[in-house]
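So that we are looking at the same thing, I have put the structure below in structure tokens.
The values are calculated or read from the model by the stated rules, or taken from the named source; none is laboratory data. Everything numeric here is computed off the predicted structure, so don't read it as measured data. No Cβ is skipped: glycine too gets one built from the backbone with ideal geometry, and neighbour counts run over all protein chains shown.
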Amino acid sequence: MMSGNAESGSAEAVEGLRAIGREFHGKNWSLGTSSNYSVVASREPLELVITASGKDKSALGEDDFVRVDAGGSVIGPGRTGGSVDGRAASAETLLHCMLAEMIPTVGAVLHTHSVWGTILSRAELERGSLRLEGYEMLKGLDGIRTHETFEEVPIFANSQDIAALAELIRPRFTAAEWTTADRPPFHGFLLSGHGLYTWGRTLAEARRHIEIYEFLFEVVARTRSFPASA
């Protein structure tokens, strides 16, 4: 979440998200105008700074962000002194708002459209989740201390009705395990044929979770392409 006064916090968030866009585009995780990124700007009331709709993530400008309320409505520019100029929030803003609302520790939410995430999200849709097990890189996810574990990444069917999609996903965040377990039951989810959503207490932690997941997605997908051992 932002620190310091509102003006410096807003500028810091925007610059951090611009850097994320350049990096993720360079890694083929956010091509074209795909993906969206947000930082929690305020908790009381809940407000987010989020990428504006239809922006090339490799070249995000200072004014390519908007500030939204808990319902996803644009309430101002992403940075103090910026301009909205008719910019709309990302079409998937409600998913960011839902995550920030359901998980009080969330400070940032990131969404990517990688090749491997897209392939696996379709391949495992019927099962309802993607199992990641036994990999050392799992320790990069918050609360995981050993490779001798697994994580089931939920997969949901994609929909253009974002409000309905948010309500479909929401029950997965109301279970007691989110408040009683030593670690979160999962750190992100996939939309089938679409991409990954993950989050973190800070933008840096959310970025790390993207990096860990995307590495593991590629490992799983490439491993499946190898012929079975004799």
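Say we look at the stretch 55-71 and pick out the residues that are crowded, with 22+ Cβ neighbours inside 10 Å and not charged (D, E, K, R); which of these is farthest from Ala89 (Cα to Cα)?
Leu60
Quick one: Ile50 ticks every box in (1) of a type outside the set (Ser, Thr, Tyr); (2) closer than 20 Å to Gly193 by Cβ; (3) part of a strand (DSSP E or B) except a single one, so which number is it?
(2)
Restricting to the stretch 20-40, count the residues that are among the small types (Gly, Ala, Ser), over 15 Å from the mean Cα position of the chain (by Cα) and either part of a helix (DSSP H, G or I) or crowded, with 22+ Cβ neighbours inside 10 Å (or both).
Total satisfying the criteria: 1.
Here's the yes/no breakdown for (1) of a type in the set (Val, Ile, Thr); (2) modelled with pLDDT of 95 or more:
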| residue | (1), (2) |
| --- | --- |
| Thr112 | yes, yes |
| Thr149 | yes, no |
| Ile155 | yes, yes |
| Leu168 | no, no |
| Pro171 | no, no |
| Thr179 | yes, no |
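Let me ask something else. Collect the residues in the stretch 97-122 that are within 22 Å of Arg67 (Cβ to Cβ) and polar (S, T, N, Q), keeping them in residue-number order.
Hit for the stretch 97-122 is Thr105, nothing else.
Can you pull out every residue in the stretch 124-149 that is hydrophobic (A, V, I, L, M, F, W, C) and out of contact with any helix residue (DSSP H, G or I) (no Cβ under 8 Å at 6 or more places or on another chain)?
Matches in the stretch 124-149: Leu125 only.
Go over the candidates Ala52, Ala108, Ala100, Ala91 one by one and state the one that is within 30 Å of Glu218 (Cβ to Cβ), at pLDDT below 90 and buried (at least 21 other Cβ atoms within 10 Å of the Cβ).
Result of the check over Ala52, Ala108, Ala100, Ala91: Ala52.
Another question, then. If you take the residues in the stretch 125-151 that are free of Cβ contacts under 8 Å to residues at least 60 places away in the same chain and surrounded by 15 or more Cβ atoms within 10 Å (Cβ to Cβ), which one is nearest to Leu95 (Cα to Cα)?
Going through the qualifying residues, I end up with Ser129.
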